[in-house]
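Asks: A single structure is presented below for examination.
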Amino acid sequence: MKFLTLSLYHPRVMRGGAQYVAKDLHDAAAADPQVEAVMLAAIDGNRFPQYSKVGAAITALPDSEDEFLMPGRRFDDFFHRMYDPRRNKALARFLRDHRPDVIHLHHSLWVGLDVIELIRKVLPGARIIYTLHEYLPICHRQGQLYRYHEGGICQDTRPDQCTGCFPERTTDEFILRRRGFQSAFARVDRFIAPSDYLKQRYVDWGLDADRITVIANGHRRRRPEGFVPQHSPGLNVFGFFGQFVDAKGIDVALKAARRVAETTGKPVEIKVFGGNKEYATADYLDKIEAVLDGAPPELVVTEVGSYSRDNVFELMSSVDWVLTPSIWPETFGLVVSEAWDARRPVLASRAGGLSDRIIEGVNGFSFLPGSDTELAQLMQICIGNAELWQSMAQEMPDEISVEDAWAAHRAVIADVTADVSGAVSGAPEEAADEPGIAGRPDSGAAPGTAG
Amino acid sequence: MRTTFLHKQYADDNGDLGELYGNEDDVALREHYDKYGQNERRGVTLADYMRIEKMALSEDGHVCLAGWADRRLADRITLSFVVGYMQYDFDDLSDRFCWYRRLDVAEAIGDFDRPSGFVLVMRIPDFDPHSAITILVNGKEHFQSATTRLMSVQKFMTEALTTCAVLADGAIGTTMDAARHLAPGITELWETYLDRLSFSCLYETGADRPVNRSIIITIYRDISMLMPQLETLAPALDGQPAEVILVLNEFTGETHVLADQIAAFSQLHEVSISVHVCSGNSGFSAGNNHGAKVARGEVLIFMNPDIFPPEGQEEQAFAFLAGDPGEGLDGALLYYGDGSLMHSGMYTTADMAVDARQGFSEPVLRVEHYGKGLTAHVDDSPEELAEALREVPEEGLLVTAALWRIRKAVFDEMGGLPTDYIIAYYEDADFCLKMLEAGRPVRLDRGSRWIHMEGVSKPRPARLRAVMWLNRAHYSRRFAGSPFLAPAATDLSQL
């Protein structure tokens, strides 16, 4: 089987959850002796010009086999379309050259929903699976389903409600946006959702439940054999791992920690391993400053900086408990998998996919999103509680491995290709006589394109 | 009572007369006063009874003046324009001055009977551009500028229309007459502007494919819905003998980006498309007329850029694109984006525009949509729809040009859309009435439902309010006597 991963970004270009998942699955597919795997990562060429070559819509990733980049110059971030004739030509040729049986899309940002139409034109027999990494098709507000103007998770995603977040836009525009996504998605054979919560949000939005398979994001384990988890003497070190942006709820964690320090007089330490602080709003940073202003000496907050997959295990091991206080409905929460890998219990808000994963008292605890009082109560229970920590560290199950996730994907692939005679073992049907670029040699000229 | 002419005072105040007659010749001085002095308002400072508050000048000699005057002292106005080394004299412009009521002026000068605000739009023929301009009112210097900026015709038109908005915002009864006075100047301006516009073909594909119908989409500036619209139309057009003609008015985006987008769309869909970019804003009529001119199809479909087939009901909508309108003009049912009924035909009816203080009374026409605001929905069954439209007549109605179907031969025979309406509004009703007057059918295709994403009402810019007002006045004058006006009694009850 020829398997093409078409993703947003590549971890080597920019780190991020969706691209990690895409790359892990590509690697797992490449390691599968029955699979010939290719990866093509769409990137913002303006942001990463070092990966763009003038006139080339697709370029190779240095020192990588079968991994390619597709830098784009323009992207309609409302309707999620590229409309780039040069890229269309190159991608059509790429598809014809590689002739994948199955194409796995991992996002629409910089990939563009028009790519689905192109695939259907060029390789009508190919099967398309699409992983829903976040809520962007439903929510233009960074795909977070969070109403910043109200301070709550968005439960009603009908188009008129979207104008609450975007008063400069009309309801009609959001109707069209939804229609554009749904008509493109009608051409997808199967969707993958990393959590039941995310699946349900898409079902509520209009996708058939039967077309969505839930497969947790696989985790590539870093824990060495025979690892014995250790904790700090006071079991009072809490770690935040994630982006330093408004919706991640760092302020909630700090408020809770301050509350504990003030009410108990016991020392509490918060370590913040967060990148992208430059994307946090000034208001949010002010809010955090206000939380820390005049805090008691028992509260110690250390801003450690960003982290990567390569050192996250060691960094996780330097804290006792991991906090995921997100106020937006996280789709999955890769950091939770990393915490469990390091045998760290998680204190997570009951938001989105996080609530699917926490088993109270087994692998963590949950609290109401945004509730610093409930989190403070949990922290008080946790601090110094060696017996609790040990039982959880010993008994918490790991998230499924990347290999397990790939096996689950293989099952989906088998399902969607079952009705295509020879699709898995042979070449996909090609639209040889299709007009337009589909069946035309790539010499077909379009205005503004180089020959 | 005794009336005395103060001839000494008259001579003292007017040095030229004193020098000519001395201050003792009461007969000669009185004779001069009766013959000239009274009309010239000798002894009165011009600025005390007339002010020019706004002056705009185009490079083609179009002039827009706005201000106020005490009509008791300025009942007849002559203007002279000294531009550089040329002087242009206009003896009597009474008919070109558009007067309107200004309460602030009335309070100041004490005249509540006569309108004191004025707007004048006119053109100086054979204008020789220069930056130095002096305006003489009734022979006296009234306005002077050594560095007057000459506006392009388009910019001037925007300025002039914006100036007229103060009239558009007034009650129609008090401003209808004013529109008549403004019409010659504004119409001449619009025609000059239109004559100078040109269309450039930005993109064309599929010109060699046979075509029997042409979809013409004229867009003003905002192309944000264009690509979604083309995508929703694509299933009806892919591989079909149809073409899409896009006419862009005042397109402010990057043309190469648009060309790329259309090219990328063309790679995925076998659709003949051409894109024509206007050098300015030709308005709805001239834009669509250009589309019709370059169209290759026997049938023309005029479509607004915010028209979409309803989700899940595409086939019935697409049937409209394939149908033959015969010798008539067809429209379709239009629904808002939320699915409620927006258009099921239109009628036009007359109200009386009255300015009792001036003794003015004239019919003013209004265009109404049947069914607008009804609870009918795009998903209704045919029976529910029939019930909703029970009062809508089968014939003699008008249909909005948001979506039209007409044979090219018929469209050409009718002379295309009228271009004497400025930019937009009322031209489609005009065309429908002319069709009816010519004995041609105008029909609503009740089997065809489309979405018109007209959006919510937003405050209209001043110039657009002026355009609507002027066009309405123009439409009213043209069709006030039409036999196809809906009677007042019908208007009171029909929905």
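Asks: Among residues other than A:ASP32 whose Cβ falls under 11 Å from its Cβ, what is the net charge (Lys/Arg +1, Asp/Glu -1)?
Replies: -2
Asks: Explain nothing, just the number: dipole magnitude of the protein assembly as shown about its Cα centre with +1 on each Lys and Arg Cβ and -1 on each Asp and Glu Cβ, in debye rounded to the nearest 20. Could the numbers behind the result be given before it?
Replies: On the way: 94 positive and 137 negative charges, 163 e Å.
About 780 debye.
Asks: Using the Cα centre as the reference, give the magnitude of the dipole from point charges on the C-beta atoms of segment A:237-395 (Lys, Arg: +1; Asp, Glu: -1; all else neutral), rounded to the nearest 20 debye.
Replies: Roughly 160 debye for segment A:237-395.
Asks: Could you tell me the distance between the Cα centroids of segment B:243-321 and segment A:208-280, to the nearest Å?
Replies: Each part reduced to its Cα centre gives a spacing of 53 Å.
Asks: Quick check: Cα centre of segment B:431-490 to Cα centre of segment A:118-182, how many Å?
Replies: 37
Asks: Using the Kirkwood formula on the Cα atoms of segment B:149-249, what hydrodynamic radius do you get, in angstrom to one decimal?
Replies: Values: mean 1/r = 0.0571 Å⁻¹.
For segment B:149-249, the Kirkwood estimate is 17.5 Å.
Asks: Distance between Cα centroids, segment B:184-242 to segment B:1-52: provide it in whole Å.
Replies: Going from one Cα centre to the other spans 65 Å.
Asks: Rounded to the nearest 5, what % of DSSP beta bridges with both residues in the protein assembly as shown are antiparallel?
Replies: So the antiparallel bridges in the protein assembly as shown amount to around 45 percent.
Asks: Another question about this same structure. Taking every pair of distinct Cα atoms and averaging 1/r, then inverting, what Kirkwood hydrodynamic radius in Å comes out for the protein assembly as shown? Don't skip to the end; give the middle numbers.
Replies: On the way: mean 1/r = 0.0299 Å⁻¹.
Its Kirkwood hydrodynamic radius stands at 33.5 Å.
Asks: In chain A, what percentage of the DSSP-assigned beta bridges are antiparallel, given to the nearest 5?
Replies: Here the share of antiparallel DSSP bridges comes out near 10 percent.
Asks: Now, a different point. For segment B:373-402, state which GluC sites (Glu not before Pro) are in a DSSP loop and have at most 11 other beta carbons lying within 10 Å of their beta carbon.
Replies: Sites meeting the loop and neighbour criteria: B:GLU394, B:GLU395.
Asks: I need the Kirkwood Rh of chain A: take the reciprocal of the average 1/r across all distinct C-alpha pairs and report it in angstrom.
Replies: With all distinct Cα pairs of chain A included, I get 23.3 Å.
Asks: Can you pull the one-decimal nm distance between simple spin-label points at A:VAL304 and B:GLN358, each 7 Å off the Cα toward Cβ?
Replies: Calculated label separation equals 8.0 nm.
Asks: What FRET efficiency comes out for the pair B:ALA386/B:THR490, r = Cβ-Cβ distance, R0 = 25 Å, nearest 0.05?
Replies: 0.80
Asks: Listed highest first by mean packing, meaning other Cβ atoms within 10 Å per residue, what order do A:346-357, A:154-165, B:221-232 come in?
Replies: The peptides rank, most packed first, as A:346-357, B:221-232, A:154-165.
Asks: Another question about this same structure. Would you mind classifying segment A:237-395 by shape? Square roots of the alpha carbon gyration tensor eigenvalues, ordered a ≥ b ≥ c; an a/c under 1.5 is rounded, otherwise it is prolate if a/b is larger than b/c and oblate if not.
Replies: Note, shape of segment A:237-395 comes out rounded.
Asks: Residues of segment B:116-132 with the amide nitrogen closer than 11 Å to a label point 7 Å from the Cα of B:ALA146, along Cα-to-Cβ, please.
Replies: Within reach of a label on B:ALA146, which here means backbone N under 11 Å from a point 7 Å along Cα→Cβ, segment B:116-132 contributes B:132.
Asks: Right, something else. With the Cα gyration tensor of segment B:281-341 giving a ≥ b ≥ c as the square roots of its eigenvalues, does the rule (a/c under 1.5 for rounded; else a/b larger than b/c for prolate; else oblate) give rounded, prolate or oblate?
Replies: Oblate, because a/c is 1.5 or more while a/b does not exceed b/c.
Asks: Which residue, A:HIS219, A:GLN377, B:HIS130, has the largest displacement toward the positive end of the dipole of the protein assembly as shown when charges sit on each Cβ (Lys, Arg +1; Asp, Glu -1)?
Replies: A:HIS219
Asks: Could you work out how much longer the chain between B:ASP104 and B:THR78 gets when fully extended? Use 0.36 nm per residue separation minus the Cα distance between them, nm to one decimal.
Replies: Full extension of this stretch gives 6.9 nm more.
Asks: Using 18 Å as the cut-off for backbone N distance, which residues of segment A:266-306 belong to the label zone defined by a point 7 Å from the Cα of A:SER318 along Cα→Cβ?
Replies: The answer is A:268-277, A:300-306, whose backbone nitrogens lie closer than 18 Å to the label point.
Asks: Placing unit charges on C-beta atoms (Lys and Arg positive, Asp and Glu negative, everything else neutral), compute the dipole magnitude of segment B:47-196 about its Cα centre in debye, rounded to 20.
Replies: Working: 15 positive and 23 negative charges, 49 e Å.
Magnitude of the dipole: close to 240 debye.
Asks: Right, another one. Which order, highest average first, do B:460-466, A:323-329 follow once you tally other Cβ atoms within 10 Å for each residue and take the mean per peptide?
Replies: Final packing ranking: A:323-329, B:460-466.
Asks: Within segment A:317-385, which GluC sites (Glu not before Pro) sit in a loop by DSSP and count at most 15 neighbouring Cβ atoms inside 10 Å?
Replies: Loop-located and lightly packed - none at all.
Asks: So, one more: Label B:THR187 and B:VAL294 with points 7 Å out from Cα along Cα→Cβ: what is the distance between them in nm?
Replies: Reported label-point gap for B:THR187 and B:VAL294 is 3.0 nm.
Asks: Considering only the other residues whose Cβ falls under 12 Å of the Cβ of A:LEU299, what net charge follows from Lys and Arg at +1 and Asp and Glu at -1? Intermediate values should be presented prior to the final figure.
Replies: Values: positive: A:LYS255, A:ARG258, A:ARG259, A:LYS266; negative: A:GLU262, A:GLU269, A:ASP293, A:GLU298.
Within the 12 Å Cβ shell, the charges total 0.
Asks: Please report, in whole Å³, the volume per residue of the convex hull around the C-alpha atoms of segment B:199-305.
Replies: 85
Asks: On to the next question. Rounded to whole Hz and in sequence order, give me ³J(HN,Hα) for segment A:77-89 from the Karplus expression 6.51 cos²θ - 1.76 cosθ + 1.60, θ = phi - 60°, writing x for Gly and Pro.
Replies: Using θ = phi - 60°, the values come out as 7, 9, 8, 6, 10, 9, 6, 10, x, 5, 5, 4, 4 Hz.
Asks: Put +1 on the Cβ of each Lys and Arg and -1 on the Cβ of each Asp and Glu in chain B; which of B:HIS276, B:ILE215, B:ALA168 then has its Cα farthest toward the positive end of the dipole?
Replies: Positive-end residue among those listed: B:ALA168.
Asks: Antiparallel as a % of all DSSP beta bridges within chain B, to the nearest 5?
Replies: Approximately 70 percent, going by the DSSP bridge assignments.
Asks: Would you be so kind as to identify which of B:CYS98, B:GLY22, B:ALA47 lies farthest towards the positive end of the dipole of segment B:1-117, taking Lys and Arg as +1 and Asp and Glu as -1 on Cβ and the Cα centre as origin?
Replies: Of the candidates, B:CYS98 comes out farthest on the positive side.
Asks: Based on Cα positions only, what radius of gyration and what Dmax would you give for chain B, in angstroms?
Replies: Cα only, chain B: 28.2, 97 Å (Rg, Dmax).
Asks: Could you work out the local net charge near B:ARG209, counting Lys and Arg as +1, Asp and Glu as -1, over the other residues with Cβ closer than 10 Å to its Cβ?
Replies: So the surrounding residues net to -2.
Asks: Now, a different point. How large is ³J(HN,Hα), in whole Hz, for each residue of segment A:368-384 in order, when computed from phi with the Karplus curve 6.51 cos²θ - 1.76 cosθ + 1.60 and θ = phi - 60°, using x for Gly and Pro?
Replies: The phi angles translate into 4, x, x, 8, 6, 6, 5, 5, 4, 4, 5, 4, 5, 5, 7, 4, x Hz.
Asks: Also: So which lysines pass the test for B:LYS8, namely a Cα distance under 17 Å, with those fewer than 8 places away in the same chain ruled out?
Replies: The qualifying lysines are none; the list is empty.
Asks: Over chain B, what is the relative contact order in whole percent, taking alpha-carbon pairs under 8 Å and six or more residues apart? Each step should come with its number before you reach the end.
Replies: On the way: 964 pairs, mean separation 68.4, N = 495.
Across chain B, relative contact order equals 14 percent.
Asks: Checking the cross-link filter: which aspartates and glutamates have an alpha carbon closer than 12 Å to that of B:LYS293, excluding same-chain neighbours under 8 positions apart?
Replies: B:ASP412
Asks: Provide a whole-number value for the mean count of partner chain Cβ atoms within 10 Å of the Cβ atoms in peptide A:113-125.
Replies: Per residue, the number of nearby Cβ atoms from other chains is 2 on average.
Read-outs: derived from the displayed coordinates by stated rules, not from any lab. Since the model is a prediction, treat every value here as computed from it, not as a measurement. Virtual Cβ from ideal backbone geometry, glycine too; neighbours counted across all protein chains shown.
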